[in-house]
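To start, the structure under review is shown below, and the notes come after it.
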Amino acid sequence: MKSVCVYCGSSAGNRPEYAEGARLLGRTLAERGLTLVYGGGNVGLMGIVADTMLEHGGTVVGIIPEALMQKEVGHRGLTELHVVRNMHERKQMMADRADAFIAMPGGVGTFEELFETFTWLQLGYHDKPVGVLNVGGFYNGMLEFLAYAVREGFLKRVHAELLHVADTPAALLEQLAAAPRVRVDKWQQARDKT
């Protein structure tokens with residue numbers, strides 16, 4: 001694992017632990033020599049993670065659509081900043097450049113990115129680990145809902161267990177680094193087990 005894509009909010013949220021979690025993630029990624037791949041913004045948790053990485057000598061790759069760049073939310077101080085045509089290109093390039101994925105607290109865009117990447121893993125379109133950094137219990141409700149979906153027969157337990165969850169960046173990065181790569185053939189075999 002050499003690079004991690006981080007999905008997170010373009011706002012900092014209402015509680016200070018969200019910003020502190022972003023700073024801790026940025027510092028931990030930099031200390032481990034991992035490259036940050038993210039949405040290229042200079043605002044909210046996105047900006048905090050990127051700035052912290054840069055302050056600690058880390059490598060930061062931002063990928064932002066033209067429309068957001070025109071709104072002046074693009075971070076111009078990154079190691080690399082790629083301006084792409086649209087959100088589809090952005091998400092594909094982020095996925096291609098990353099070896100693993102982490103979702104921090106965020107809004108609808110963060111949820112969409114997390115679930116798309118998680119779906120791609122479940123379907124075997126990629127074999128890169130996906131995790132949630134559950135800062136301040138932010139994702140507790142979502143995790144309960146996923147457990148409910150398992151109980152109701154809409155999500156297989158083996159697939160739900162592909163999502164890694166931890167409260168600290170160090171613990172989550174260790175899980176992601178140790179996660180077995182799930183190949184398409186293994187997914188198809190596991191599909192019918194539960």
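With only Cα atoms counted, the chain has Rg and Dmax values of 16.2, 49 Å.
Calculate the FRET efficiency for Val108 and Glu161 from the Cβ-Cβ distance with a Förster distance of 25 Å, rounded to the nearest 0.05.
On the way: r = 25 Å, r/R0 = 1.01.
Step by step, r from the Cβ atoms, then E = 0.50.
Taking amide H as placed 1.01 Å from N in the peptide plane, Asp99 has its amide H under 5 Å from the amide H of Lys2, Ser3, Val4, Cys5, each at least 5 places away in sequence or on another chain.
What is the order of Ser11, Ser3, fewest Cβ neighbours within 10 Å to most? Please report the intermediate quantities before stating the final value.
Working: Ser11 14, Ser3 17.
The order, fewest Cβ neighbours first, is Ser11, Ser3.
Can you give me the convex hull volume of the Cα atoms of the range 5-76, divided per residue and expressed in Å³? Numbers along the way, then the final one.
Values: hull volume 5.2 nm³, N = 72.
Taking only Cα atoms, the range 5-76 has a hull volume of 73 Å³ per residue.
Comparing Leu173, Leu68, Leu34 in a Gaussian network model of the chain, where Cα atoms under 10 Å apart are tied by springs, the biggest mean-square fluctuation is seen for Leu68. Between the beta carbons of His82 and Ala147, assuming R0 = 30 Å, the FRET efficiency works out to 0.20 to the nearest 0.05. For a modelled paramagnetic label at Met1, 7 Å from Cα along Cα-to-Cβ, the residues of the range 41-80 in reach, with backbone nitrogen under 17 Å, are 59. Taking amide H positions as modeled 1.01 Å from N, with prolines and chain starts lacking one, the residues under 5 Å from His82 and 5 or more places away or on another chain are Gly62, Ile63, Ile64.
The phi-based Karplus calculation (6.51 cos²θ - 1.76 cosθ + 1.60; θ = phi - 60°) puts the 3J(HN,Hα) values of the range 172-179 at 5, 4, 5, 4, 5, 5, 8, 5 Hz, whole numbers, x for Gly and Pro. Using a Gaussian network model of the chain in which every pair of alpha carbons under 10 angstrom is joined by a spring, one finds that among Val135, Val43, Val108 the greatest mean-square fluctuation is at Val108. Sequence-ordered 3J(HN,Hα) estimates for the range 127-144 from the Karplus curve with 6.51, -1.76 and 1.60 and θ = phi - 60° stand at 10, 8, x, 10, x, 10, 8, 8, 5, x, x, 3, 8, 4, x, 5, 5, 5 Hz, glycine and proline given as x.
Between the amide H of His164 and those of Val130, Gly131, Val132, distances stay under 5 Å, these residues lying 5 or more places away or on another chain, with hydrogens modeled in the peptide plane.
Nearest-5 percent of antiparallel DSSP beta bridges in the range 3-191? Walk me through the intermediate numbers first.
On the way: 1 of 23 bridges.
Percentage antiparallel, nearest 5: 5.
Highest GNM mean-square fluctuation among Gln175, Gln122, Gln92, for the chain modelled with Cα contacts below 10 Å: Gln92.
For the pair Lys71 and Ala177, a Förster radius of 41 Å applied to the C-beta separation gives a FRET efficiency near 0.70, rounded to the nearest 0.05.
Taken together, the values in this text are just the output of simple stated rules run on the coordinates, not laboratory data. Treat the numbers as computed from the prediction; the structure is a model and nothing was measured. Cβ coordinates were reconstructed from backbone atoms using ideal geometry, including for glycine residues, and neighbour counts include every protein chain displayed.
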